[in-house]
Each structure stands twice: as C-alpha cells, then as structure tokens.
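These notes are about the structure you will find just below.
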Amino acid sequence: MADPARLESDHEDGRVVIRLSGEIDLTNVGRLEEQIEGAIADARDVVIDLTEVHFLDSGGLRLLSRVSTGAADHNQSFVVVAPPDSIARSVIDIAGMTGELIVRDAPPGARTEIERSTGG
Amino acid sequence: MAEGRSHDGDIESAEAESKPTPPADRSVGARDGAGRDALVSHVRRRPDGAIGREAPLEAERIAHLAAVVEASSDAIVSKSLTGTIRSWNASATRIFGYTEDEIVGRSIRVLIPEERQAEEDEILSRLRQGEYIEHYETVRLTKDGRPLDVSLSISPIWDPSGRIIGASKIVRDISARKQAEDALAAANAKFESVFNQSGIFAGILDTEGNLRDVNVLALDACGYRREDVLDRPFWETPWWRGSEDVKERIRLAVRQAAAGDLFREALPYWTADGSRRIVDFAMHPIVDEAGVVRFLHPTGIDITDRLKAEEALRKLEAEERKIAVGLQRALLPARLLERPDVQLSALYEAGSDVLEVGGDWYDAFDLSDGRVGLTVGDVVGHGLSAAAAMGQLRTAMGALADHATGPGQLLERLDAFLARSGATDFATVCYAVVDPRTCVVEYASAGHLPMLVVSQGGVTAWLDGAQSPPLFGHCPARPQTSALLEPGSLLVLYSDGLVERRHERLDDSLDRLAAAARDVADSPLEDVCRTLVVRLGVDETRADDVAVLAVRLGPVRQTRYHRRFPARADELAQLRASLRGWLDDQAIGQPLQQALVLAVHEACANAVEHAYRLTEPGDVQVDMTQSADHEFLVEVRDFGRFQPSGSREDRGRGTGIMRQLTADFSRESTSAGTVVRFRVASGEPFHDG
C-alpha cells in the first residue's frame, strides 16, 4: 500500500485549498480524484497544495491535468502549490508540465500560511 | 737425705715381699723414674751376673738422666710401695697443678678419684710382683679437683740387691684424645642411626667402587644378607643382576662420582625374590677438606609404587580430557548461524598445556524481532563439570533471550537460572543484541572483558559500558547500554584466554588485541578468528581456553539489487520502500534515490498496467547494478505481452519522465516479455531534504 495519501481541504470565501500529503501513485489516484471533485464542486478558486507529497508519479500528474481541465471547464481558477525544492515540483518540471499548470511556490494568502508550510 | 730415711722404711716393707728379678736389659734412662733416688737405687747387672753398685763417678751421667726426666712432657712420678710420692717432675706439676714441695711425701692416692681408689691397690699388688703396667687408661684428679683422662705406664724400681722399692709412673694427659674419641664415637653413632634408620637405601663404596658398607634397609627390604653384597664391585651386587645395561649405568655412576660429580637416575633393580622395581638412584662423592674424593655414597628411594600411581593418574586424566573435549564439542554450536545481513565466524580452542578442558562457550541466535543475539561466556573451573555447566548456561541463554526486554534483563534471568540449577559457582558472560538494519548494538556484560569494535576505517573502540559482576546466582540488577556502529564494522567477542598472559598487564594485552584487530578489519571473516589467535601468541604459554566470535555488520555490501514480484499495483509501494532501503544502505543521497525510484516505478507501473492484460497474471522483475559511484544500470522485465491501453498522451507522460531521468533508455518487446533498460547517473532535478 502506498503511504496512505491524505487529503485535507479548507474552504474560505469561495476558495478551496486542498492539501495532499503522502505518496500519490496509480493505486490511489482514483480515490483522490473523487475526493477532489467533491471538494471543489462549488468553489471559485481551487488550490492544490503538494508541499507534503513525497512521491508523485505520472498517474498523479495525469490527475492534476484532469483537475486543471475540469476547473477550466467550470470557470474555476486552478493553482498548484509546489515549493521549489519539493519532490512534486521536481516531478512536474521533469514532466514538462510547468507550462500546462500554474505552479506557485507557496499557498496564496497570508504570510502565516507561507511560514507554516515552509516550516512544516 | 730425707729420701734415704723413708727409703729405708720402704726397704723394710719390700723385704716382706717376694723378690722378683729385674730384667737384664733394662737401661736406666727415663724408665727408672727417680732421678735423685737413682743414687741409691741405680742398678746394673754386670755381664758376669753380679749386681754392683755404681760408683759416684757416674754422678754426671745420672744428673744428665735427671735432666731428661725434667724435660719430658709427660708427668714422671715415682712412689714408694706404700704409694708415697718420692719424686715429681715439672710436667707433673703442669698437668696436676701440685708443686714438688706440695706433693712429695704425700700419698699418691690424693690424685685418685674416690671411686677409683681400688685401682691403686691393684696397681701396688702387681708392682710388688714385678709387673709392668702399660698404657692403662683411667681418670685422675688435678689439684683443683678436676678429673683428667690419663694413660699410665708404671714400672717397678729395684734396688741394687734386686728388691722392689717403689715404682715409677709416667702419666700422659689423654683428655684431648679422649674428647676426640668421644666426638668420633658420637658421630659414628649418629651416622649409624641415620644410615640404618632413614627410609632410603644407603651404602658406602671405596673409590674403586667396591661396596664396603650398606644399610639395613637395603638388605632387609630386598631380602639380601651382608655377606651376599659386601666387598665386591657395586655393579656386581645382586640388586643390579637383571640387566647388563643397568650394570653399565652403575659403572658409569662409580666413574662419575669418583671424578667428583653427582650421578642421579631412575633405574630398575631386583630383589632377592626376582621382582623388578624402580629406584630413584644417586651416587654422591664424599670429599675431604682438600676436595679429594674419599668415598662414594650410593643412595636410593624406591619409587615403583609412585610411578604406578602416576601412570594410572595420567591415564585417568587423559580419559577425562577426551570425554570433556567430546562433550564440549557437542555442547558448542554445531553450525554457526547464517544470515544474509551479518557475517559470523567463531573459533574455540581448549587450553594446550592443561589436561583439562575449560568452560568457555560462544553462541549466536536469531531473535523474533529480527535482531541477532551474540554471546561469549566463561564458566569458572575445568573438566567435565565446567563443560556440563557451560552447556546448561548456553542452552538457558538461548531459551531466555527472546523473552527478555534487553541484555541486562537477560543476564539477570540467567543469574536466577544459575541460582536454581546450581550448575556452577560463577561465570562471566558478555551479551550483545545487534540490529543489522540500524547497526545499533545493545549490550551488557557480567564481569566479562569488553567487546571490541573495529570500523571499516580501522578505528577501534571498546564496548566497555554496562558492566556488572560475574553471574554468581544472586541476581543483582544488571545494566545495559547501546552503541551505534558503522555498517561494515567488525565486532569481536572473546574469552580471557585470548588476551591474558602472566607477566603482562591486562591493558597491554588489550592493546595488542586492538592492534591485531585493526589489521584484520578487512580480511575475509573466516580468517579473522584464527589470525587473532595466532597474532596474540596463544601458544606455549597459554593455559586457558580461547573462544572468539567475530561478527561483521552488513549488510554485506551488495552491488546488485534484485526483486521479483506480482505485477499488481499494490506491490509498487513495497517495491519503492525496498529500493529506498537498499539505496540507503549503499549510502546513496536523496536526489539520486528519488530519480531512481521514480524511474523504476514508472517502468514497473507500465508493466503492471499493460503486460498482462491479455494473459494470466505474471511477475515484474527489477535488476539494478551499481556500475559506478553514482551510477546505476536498471533492467525492468515482464513476462507478458505488451498491450497498450489508454491514450498515447497518457502513456507518454510515464515514458517521458523515464526518458528525462535516464540515459541510454531502451525498450524491447518480444513474445517472452518486455525489457526496459536504462542508466541513471544524476539526481536532477531532485533536491536534498
């Protein structure tokens, strides 16, 4: 079993921040995708934070791609958070998806969030 | 003239006696004894038989004779037949202490001790008969009452007419001689008693080797009589009759001792009834003050029974040792534990000088949590009981190990076992639990020497913490402690027979062990134990057993990774964990690890998704070799038939990642399956941390 990937989400003012952690591979991609779909249904802005993701394979990338397309279809903004030295960022870079996705170094919002995520 | 008057009196008494004839050839000289009296008593029988009185013209000659008497060193005394002292020379004064004036005219009896007065009667009676008394040894008294050993020579004095008128006496002081004789007699008596009463055979030979004397024991114990053995060459005496070789040894003994050298040898000898026995034989030269050999002194102690007893004891000890060695071999591990993650090697040697076997042991066993228990112990004592006690302790330890919370508690439990079983009085033990994956060693020691660690870099350290007293059945609380070792380290457990030497401080011995261990740190493990034993000089001086257990922490540096697993998605996480673990052990940094793990995962994920769509489920096989410091060659193989699914774009992502991360990427599909090969040399774009 993969290090069970966990999903947490925050809703605030129409923005959903989904924090994924653990290992994302083809075994849990399907489950995660359902959970994500459910969490972002009514959101205006979608943020998926991959800071705590320790493994991300092509299946995970495909998931991100699908979420991105779906958000666009629903007029939702979609941002991926992956700090520069994080594993997720490296994988996204290798896969050449930095053009396709909007990748941020840190979650949007207050400085406190940045401190928390980089200090975590 | 006073002498003349008393002389007349004596003549009267002499007349009453018979009249023996003085001998013709008696010359007057000293024997006459009475210088001045000789004027009257001087007698010479002329050749024609007539007795004539000498003319006063002889006075010169007589005066000369008087001077001779005075000069004599013997006391010369004359007396009348009633015992009255008539003359007294200077030596008499010297010997007896009386001056001439004091004693002339008194009775000779004043010189005679009370208990010997009867001697004088006897002497006088014989004198009257004309008898001479020669060298009569007796005791007389000095003026101050001191008894004196003397020798008397007494002769009668004749007057011209042939009558005995008195006696002259020569008194020789023999006290010095008597003392010497008494001392000699005492020495002889002592010698005799020693000679005959000591428990050894003894004899005296002359320097030619003839037997002159022999003691009672040598005869009685062997059944010989004196006449059977004396006065012949010693080598021809019946004790040695049974062998020409032995006779030759005796001849040699005589020659050697006659030359002044002691001879000593255990030899066979024969008793009268024909029994052959063994004697611890010696021939001593007896020398005088000048160092000249005067006698030869053979001695012997029968050692026949002692030799028999020693032989029997030797046989018994050899038998016991055989049993103990056999038992100990049976009690030691038949085969040492084998595990892929630690290398183990052990050696046991019994003490070489000692007849008995000690109670040393070693052991290595699996624990249920995957760790390894290691131990070396030493039961006090030797022989069968020590070997048996050792077996019990070893077995108990193996049984208790899994149930103890740690090494300290295990030793406490072992102590309790010792108390219950009474197997032995005490033992020393060291016990270590090694986790091969983390290289953490938990250990405790009950009075045992510290374990030695040598890192691959050759740095030595002693695991000398957690010491408690030896096991002795009273179970004090025993501490334990841990140490973190480097992968590839060598750990050595040993018994004190390996290091302890007489005349060497323990610290020096331990230094030698550390030096030797540094040298073998990289040797094949099976050579390590033997090399240590040889290097530490465990040879002729060692009396104790040696047990050595050498452990090399691994895993053994593997340069090849191999894993085969069912092609199922849920296997992939375990694959990644296994890969990471292996790469950690190879000390590969994070960026390269992540690149490798992702690349291999993608290849395996492909096989999981596509290889067995149309066939029975099968396996995926990963082989990875480290081809250089930071370079790996990978083969991912499946045994199905590649059947693509999903969109090209989807598939492309995985392949795209692989191509980005790797070099020399190839994929080859045949009917037997698909092989993906690639090389990963860089961790880019991954980062540390």
Applying the Karplus parametrisation 6.51 cos²θ - 1.76 cosθ + 1.60 with θ = phi - 60° to the phi angles of segment B:332-349, what ³J(HN,Hα) value in whole Hz is obtained for each residue in order, glycine and proline being reported as x?
7, x, 5, 9, 6, 3, 10, 9, x, 9, 9, 9, 10, 8, 9, 8, 10, 9
Dipole of segment B:200-302, Cα-centred, from +1 at each Lys and Arg C-beta and -1 at each Asp and Glu C-beta, to the nearest 20 debye?
160
Show me the trypsin sites (Lys or Arg not before Pro) within segment B:241-342 that DSSP assigns to loop and that have at most 12 other Cβ atoms within 10 Å of their Cβ.
B:ARG335
Under 14 Å from the Cβ of B:SER523, count the other residues' Cβ atoms, weight Lys and Arg +1, Asp and Glu -1, and hand me the total.
0
Nearest 100 Å² is fine: how much accessible area is buried between B and A, summed over both sides, with a 1.4 Å probe?
1900
Per-residue average of other protein chain Cβ atoms inside 10 Å, peptide B:654-664 -> 3
Would you work out if segment B:155-278 is rounded, prolate or oblate? Take a ≥ b ≥ c from the square roots of the eigenvalues of the alpha-carbon gyration tensor; rounded if a/c is under 1.5, else prolate when a/b is larger than b/c, oblate otherwise.
prolate
Defining a contact as two alpha carbons under 8 Å apart and six or more residues distant in sequence, what relative contact order in percent does chain B show?
7
Per-residue HN-Hα couplings for segment B:259-271 [Karplus 6.51, -1.76, 1.60; θ = phi - 60°; Hz; x = Gly/Pro]:
7, x, 10, 5, 10, 8, 6, 7, 10, x, 9, 10, 8
Count charges around B:LEU592 for me, please; just the other residues with Cβ under 13 Å from its Cβ, Lys/Arg as +1, Asp/Glu as -1.
-3
Percent carbon-and-sulfur accessible area, segment B:223-380, ignoring ligands, DNA and RNA, probe 1.4 Å:
52
What per residue convex hull volume, in Å³, comes out for segment B:329-556 when only alpha-carbon positions are used?
109
Let me confirm one metric for peptide A:92-99, namely the mean number of other chain beta-carbon atoms within 10 Å of its residues' beta-carbons.
4
Please give the average number of partner chain Cβ atoms lying within 10 Å of the Cβ of each residue in A:54-64, rounded to a whole number.
5
Please list, in chain and number order, the residues 5+ apart from A:LEU56 or on another chain whose amide H is under 5 Å from its amide H, with Hs placed from the backbone.
A:ILE24
Only helical DSSP H runs with n ≥ 4 go in: add -39500 (n - 2.57) per run for chain A, normalise by residue count and round the 222 nm mean residue ellipticity to 500 deg cm²/dmol.
-11500 deg cm²/dmol
Kirkwood calc, the protein assembly as shown, C-alpha pairs only, radius in angstrom 39.9
Protection proxy (average C-beta count within 10 Å per residue), highest first, orders B:149-162, A:28-41, B:493-506 as B:149-162, B:493-506, A:28-41
Per residue of segment B:294-311, what does 6.51 cos²θ - 1.76 cosθ + 1.60 with θ = phi - 60° give for ³J(HN,Hα)? Whole Hz please, x for Gly and Pro, Karplus curve as stated.
9, 9, 10, 10, x, 9, x, 10, 6, 10, 4, 5, 4, 4, 4, 5, 5, 5
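The values are calculated or read from the model by the stated rules, or taken from the named source; none is laboratory data. These figures come from a predicted structure and were not determined experimentally. Positions of Cβ are generated from backbone atoms using ideal geometry, with glycine treated the same way; all protein chains shown enter the neighbour counts. The accessibility values were calculated without ligands, DNA or RNA, using every heavy atom of the protein model including side chains. Shrake-Rupley method; radii C 1.70, N 1.55, O 1.52, S 1.80 Å.
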